Amino acid sequence: MDRCVVLVDAGYLLGAAASLLAGEPSRSRITVDHAAVVAGLRERAEAETGQPLLRIYWFDGAPDRVPQPEHRRLRVMPRVTVRLGALTRTDGRWAQKGVDAAMHAELSELARNRACSDVVLVTGDGDLLPGMMSAKEHGVAVHLWAVQAADGDYNQSEDLVAEADERRVLDRAWITAAIQAKEGAGVCGPAPGPRPGVRPEIAAILSAPLPEPGAPARAVAPPPGPAPAKNGSAPAEHSGEAAAASGGKGVPTPKDLADLGRAHAVHPPAPPAHPAPSTLRWSSDKGWSDRPGADQPDTSGLPTLAQLTSAEQRWADREADITAVSGDPYEVGQVFARRWIARVGDQTHLQHLTTHYPRVPHRLDGELLRYAARFGLLAHKDDQIDENDRYAIRAGFWREFDAVPAPE
């Protein structure tokens, strides 16, 4: 058959592109326009082989071989077939399993069945050498494409390079037509500034800078005034004194609290003139944080997006997620908020929600992060969303509210 087929090792293509553009092979450091990649591969394959395209096979790894959002978008594109191997974690590093074997089997089958006259391989794995030799024996011309190496050297198996019929390099200009380096590690860049007329409370969250990658979290100092005691713990008004007694460590030890209690037995503190609002104190590896107490605004009445979405809308949302949403954390937050705003109906819910910025109420925040996880943001990150990605998701969520008219 006078047709060409393209076999793409996505791990090689995107990893080498990340090395070239971002200085390291982590795919989280780049953004990929998959439609543009597919269009570029098709155009170049047809031009260099002189044959019409039969199909592009996209080989990639995925946890438990479950298609990620990018795979779902790819497999609905014309002339694209996705083949998935496993993605396993060993010694803290992710590795593809079964991808090279799947490529070898597909290459051999295409050649044996004379399904094409030319095969384009975008890979650097020497394990494909037997498959390449088998295809050549069946009369198939094998074209080997490399991604321009960051150090100017080869990033492919030398044996693979020697055995190929034709060799080409996808240079930086070709790569950057569809793939871009991110400006920060896991951060999609600063949020765009608010448009003229934006409400002040929304402008405040939009103007806040994104945290610097790797910056230490700032511990929240305990507020003055008593807090509800739990399990015999000291009230919040004592925490500052206890921290001082503990040498400024911030979290007092039982001995510090015992010493503080003896000191107060001799000199009891005066009661506060005005009781402080009820606030729960939580400690974590990032210091103390405040959670609203009983007198804080109640968010239990805010509907979730799932409650506002019909079965027909849910199906349409899935289609849009596959075909139109890139999976960028900031964009994911925007899409979620846009749908919630459009479906909420009762404007009092909108007004109620905006009073809580910059904190997304717990019910919506959990749903928002679960929605974001569907876009592969958990992959390669120990099954949790990176802190900078969480910030970007929530910033995108609030960004949509600047278009909502302020109440009269």
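Just so it is clear, none of the values below were taken in a lab; they were calculated from the coordinates. Since the model is a prediction, treat every value here as computed from it, not as a measurement. With ideal geometry, Cβ positions are generated from the backbone for all residues, glycine too; neighbour counts draw on all protein chains shown.
Would you work out if the stretch 4-181 is rounded, prolate or oblate? Take a ≥ b ≥ c from the square roots of the eigenvalues of the alpha-carbon gyration tensor; rounded if a/c is under 1.5, else prolate when a/b is larger than b/c, oblate otherwise. Cα axes put the stretch 4-181 in the rounded bin. Once you have a ≥ b ≥ c as the square roots of the Cα gyration tensor eigenvalues for the stretch 16-113, tell me rounded if a/c is under 1.5, and otherwise prolate or oblate according to whether a/b is larger than b/c. Here the stretch 16-113 falls in the oblate category. Summarising the amide proton neighbourhood of Arg167: residues at separation of 5 or more, or on other chains, whose placed amide H is nearer than 5 Å comprise Leu144. The stretch between Lys136 and Ala86 holds 15.1 nm of extra length on full extension. This uses 0.36 nm per residue minus the Cα-Cα distance.
Here's how it looks for Ser326: its modeled amide H is under 5 Å from none belonging to a residue 5 or more places away or on a different chain. Sequentially through the stretch 135-140, phi angles give Karplus couplings (6.51, -1.76, 1.60; θ = phi - 60°) of 5, 5, 5, 8, x, 9 Hz, Gly and Pro residues having no value and appearing as x. Once the C-beta distance of Tyr154 and Arg363 is scaled by a Förster radius of 45 Å, the resulting FRET efficiency is 0.25 to the nearest 0.05.
Might you report the magnitude of the Cβ-based charge dipole of the stretch 4-181 about its Cα centre, with Lys and Arg at +1 and Asp and Glu at -1, to the nearest 20 debye? Spell out each step's value before the answer.
Numbers: 20 positive and 25 negative charges, 163 e Å.
Roughly 780 debye, rounded to the nearest 20.
Per the Cα gyration tensor, the stretch 319-381 maps to an equivalent ellipsoid with semi-axes of 23, 15, 8 Å, ordered largest to smallest. Remark on Ala62: its backbone amide H falls under 5 Å from those of Gly85, Ala86, Leu87, a criterion applied only to residues 5 or more positions apart or on other chains, H modelled at 1.01 Å from N. Mind giving me the FRET efficiency for Glu48 and Arg93? R0 is 41 Å, r the Cβ-Cβ distance, nearest 0.05 is fine. Once the sixth-power term is evaluated, E becomes 0.75.
Let me check against my output: what whole-number percent is the relative contact order of the stretch 74-146, with C-alpha pairs under 8 Å and at least 6 apart? Before the final figure, lay out each step's value.
Numbers: 83 pairs, mean separation 19.0, N = 73.
For the stretch 74-146, the relative contact order is 26 percent.
Computed from phi, the 3J(HN,Hα) profile of the stretch 2-18 under the Karplus parametrisation 6.51, -1.76, 1.60 (θ = phi - 60°) reads 8, 9, 10, 10, 10, 10, 10, 8, 4, x, 6, 4, 7, x, 5, 5, 5 Hz, with x in place of Gly and Pro.
Report the extension gain between Thr348 and Ser310 in nm, rounded to one decimal, defined as 0.36 nm multiplied by the number of residues separating them, less their alpha carbon distance. Could you put the intermediate results ahead of the total?
Working: separation 38, 0.36 × 38 = 13.68 nm, distance 2.11 nm.
This chain segment gains 11.6 nm when fully extended.
What separates the Cα centres of the stretch 145-167 and the stretch 21-87 is a distance of 19 Å. A Förster radius of 25 Å, combined with the Cβ-Cβ distance separating Val161 from Met77, puts the computed FRET efficiency at roughly 0.25.
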